[in-house]
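This report refers to the structure that appears directly beneath it.
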Amino acid sequence: MKANNTKGYTFIVSLSGLSLILFLTIHLCINILVVMDKSAYNQATYFMQHNLVAQTTENVLALGFLVHIVLTSHKAISDLRNKKNGDNKKLASKDMLIMGGLIICFLTMHLIQFWSKANMNMLQTKVNGVVMNDTYTFVSELFTSSPFYCIAYIATGIVLGLHMRNGFQSALSSSQSEKTQLNKNIQLVSSGIGFFFMIGFSSIPLFFLLKKWLFL
Ligand code: HEM
């Protein structure tokens, strides 16, 4: 019975982790357009806001995101409380919990910024005859108006990358502690994934910061 519970828990955590990765991948692919092309970015965000399939997918993935936060924080807290765990595991849970907490603080700020302003007083623009929110101007003004926001977003990109690297490593690792070839490959893949999200998300505010500093 207990083994079944553990299997069920692992399955849900893995599934919700997968939705988190998918959500972040889609989110990064759309938002990276902001450094490439103004109308492509506005069209992509308009599509995400108005297409039923895109919206439903995004909502389901965001729900998985939430489930993942709740389940993994609960597990990390009980790992920390459990005296039977080894010191390394306790340390790892503590790091993950701190990083997760920072990401939640960022998310709260991020959602307030985008949801309140996006729905109230965003400028409008016309692309191929369609009137839409000028999300490009909103994002670029956010980053060029305040180095604080740029630094907060860059720091979050770094924390998110580290958090994902550790999360992947612990999800994929076998229980053996020896340094087998498989474990080395897992470390490599986890670092690659973490690095991808770290560079991807940090590069957006960094682009606007450099653009402002170099007067481009
Ligand atoms: C430079 C980085 C980022 C930019 C430019 C950005 C931009 C945006 C924008 C424009 C929206 C509103 C979308 C809409 O109204 O449809 C949004 C929503 C959201 N963002 Fe971000 N974001 C960034 C990083 C992140 C990160 C790192 C996370 C997660 C840790 C995240 C999580 C979310 C969530 C959960 C939503 C609400 C769901 C949605 O509307 O898509 N974002 N973001």
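Of all helices (runs of 4 or more DSSP H) completely enclosed by segment 1-120, which ones contain at least 1 residues that are closer than 25 Å to SER170 by Cβ and modelled with pLDDT of 95 or more?
Details: elements: 2-31, 38-50, 52-81, 87-111, 117-120.
Of the helices (runs of 4 or more DSSP H) lying wholly inside segment 1-120, those with at least 1 residues that are closer than 25 Å to SER170 by Cβ and modelled with pLDDT of 95 or more span 2-31, 87-111.
What are the residues in segment 44-72 that are of a type outside the set (A, V, I, L, M) and buried (at least 16 other Cβ atoms within 10 Å of the Cβ), if any?
Let us first name the residues in segment 44-72 that are of a type outside the set (A, V, I, L, M), namely 45-47, 49-51, 55-59, 64-65, 68, 72.
The answer is THR45, TYR46, THR57, GLU58, GLY64, PHE65, HIS68, THR72.
Take the conditions of a type outside the set (D, E, K, R), surrounded by 13 or more Cβ atoms within 10 Å (Cβ to Cβ) and under 30 Å from ALA76 (Cα atoms) and apply them to TYR136. Does it pass?
Values: of a type outside the set (D, E, K, R): yes; surrounded by 13 or more Cβ atoms within 10 Å (Cβ to Cβ): yes; under 30 Å from ALA76 (Cα atoms): no.
The answer is no for TYR136.
Does PHE114 satisfy the criteria of being aromatic (Phe, Trp, Tyr), surrounded by 19 or more Cβ atoms within 10 Å (Cβ to Cβ), within 13 Å of the ligand (Cβ to nearest atom) and within 19 Å of the chain's Cα centre (by Cα)? Explain how you work it out, then say what you get.
Details: aromatic (Phe, Trp, Tyr): yes; surrounded by 19 or more Cβ atoms within 10 Å (Cβ to Cβ): no; within 13 Å of the ligand (Cβ to nearest atom): yes; within 19 Å of the chain's Cα centre (by Cα): yes.
No; evaluated as a whole, the condition is false for this residue.
For ILE199, which of the numbered conditions (1) crowded, with 18+ Cβ neighbours inside 10 Å; (2) within 17 Å of LEU28 (Cα to Cα) fails to hold?
The one condition ILE199 does not meet is (1).
Quick one: which of VAL127, VAL131, VAL139 is over 16 Å from the mean Cα position of the chain (by Cα), near the ligand (Cβ under 9 Å from one of its atoms), at negative phi and among the β-branched types (Val, Ile, Thr)? Walk me through how you get there before you give the answer.
Numbers: VAL127 fails: near the ligand (Cβ under 9 Å from one of its atoms); VAL131 fails: near the ligand (Cβ under 9 Å from one of its atoms).
Answer to the selection: VAL139.
What's the number of the condition THR6 fails, among (1) within 18 Å of VAL70 (Cα to Cα); (2) near the ligand (Cβ under 9 Å from one of its atoms)?
(2)
The values are calculated or read from the model by the stated rules, or taken from the named source; none is laboratory data. Quick caveat: nothing in here was measured; it's all calculated off a predicted structure. All Cβ positions, even for glycine, are placed from backbone atoms using ideal geometry, and neighbour counts span all protein chains on display.
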